[in-house]
Amino acid sequence: MQQPDWLQIGRWWQSLGPWAASCLRIGLVLLLAWLLIALLQRAIRAFRERLAKRLEDREAVQRADTLARVFRYSVKVLILLLAGTVILSELGVSVAPILGAAGVVGVALGFGAQSLVRDFLAGFFLLLEDQIRRGDVVTLDAHAGMVEEITLRYVRLRDYDGRVHFVPNGSIGAVINQSRGFAQAVIEIGVAYESDLDQVMQVMCEVAQVMRADPVFAARMLDGIELAGVENWADSAIMIRGRIKVVALEQWSVRRE
């Protein structure tokens, strides 16, 4: 009488012995880890591609690429660590002492590489929150210039004199971005004490109207001049202040004119 297939499989499994069965289980763990890594990385890649189709900004696409790489690497490391723990347990190796030693090593490395970890975490949130983009004119604490590159480790700026600044992300405290939305061209004019201030401010308004009618400046100026009036009384002149709402990064050209 022929035995059922499941009974034959059970006897075959018992005949393998403990080591063969353990090797088979380890192989299954490795196969499962490989499948999970492949599936999750494919899902992250597909999500990134769908997101890139919706984003028209090239910088936003690059930011999505960077974040996708971080997620793929993190997922891979996490799954491999879990698989390694299961395999060690299957081989009869006590995981607790290893985890304890790893904790001690991790603390030691943490003290030595805490600035590096801080840079990566700060860079991750800098990209995630879209605080700055390549091409923006920014001030990062004491460093100011145009953003040439953003990585998880640092931000590279080039200042007005052409000098390159490498600013570690972990050291960035305050971010001032002059390239978002609009800017204000602040104008200060000094006039003699005997001048008619009403007439001076009228002339300033007329000049602003002429500039808005000029095709060159019409695209740069978003509104007319807003006069604050007398700012202060200097030694030899009365300072009158006003401002004009302009396109971001055009405040200097409008102010010079």
Worksheet item: Got at least one residue in the range 38-55 being out of contact with any helix residue (DSSP H, G or I) (no Cβ under 9 Å at 6 or more places or on another chain) and modelled with pLDDT under 75?
Response: yes
Worksheet item: Is there any pair linking a residue in the range 229-257 that is among the acidic types (D, E) to one that is in a strand (DSSP E or B), with Cβ under 6 Å and at least six apart or on different chains, and which?
Response: E231/M239; E231/R241
Fill in: Criterion violated by S15 - all others in (1) among the hydroxyl-bearing types (S, T, Y); (2) more than 28 Å from P97 (Cβ to Cβ); (3) modelled with pLDDT of 80 or more satisfied
(3)
Practice prompt. Report yes if some residue within the range 75-98 is within 21 Å of the chain's Cα centre (by Cα), modelled with pLDDT under 80 and among the hydrophobic types (A, V, I, L, M, F, W, C); otherwise report no.
Written response: no
Fill in: Enumeration of residues in the range 224-257 that are over 17 Å from V191 (Cα atoms), modelled with pLDDT of 80 or more and loosely packed, with under 15 Cβ neighbours inside 10 Å
none
Worksheet item: Restricting the range 171-211 to residues that are over 28 Å from W233 (Cα atoms) and part of a strand (DSSP E or B), which is modelled with the lowest pLDDT?
Response: F182
Practice prompt. Please determine, by comparing only the residues of the range 169-204 that are over 16 Å from W252 (Cα atoms) and among the charged types (D, E, K, R), which one is surrounded by the fewest Cβ atoms within 10 Å (Cβ to Cβ).
Written response: E194
Worksheet entry | Filter result (in contact with a Leu (Cβ under 7 Å, 6 or more places away or on another chain) and part of a helix (DSSP H, G or I)) within the range 120-169 | F120, G123, F124, L127, L128, N169
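The values are calculated or read from the model by the stated rules, or taken from the named source; none is laboratory data. Keep in mind that what you see is a predicted model, and the values were worked out from it rather than measured. Every residue, glycine among them, receives a Cβ derived from its backbone with ideal geometry; neighbour counts consider all protein chains shown.
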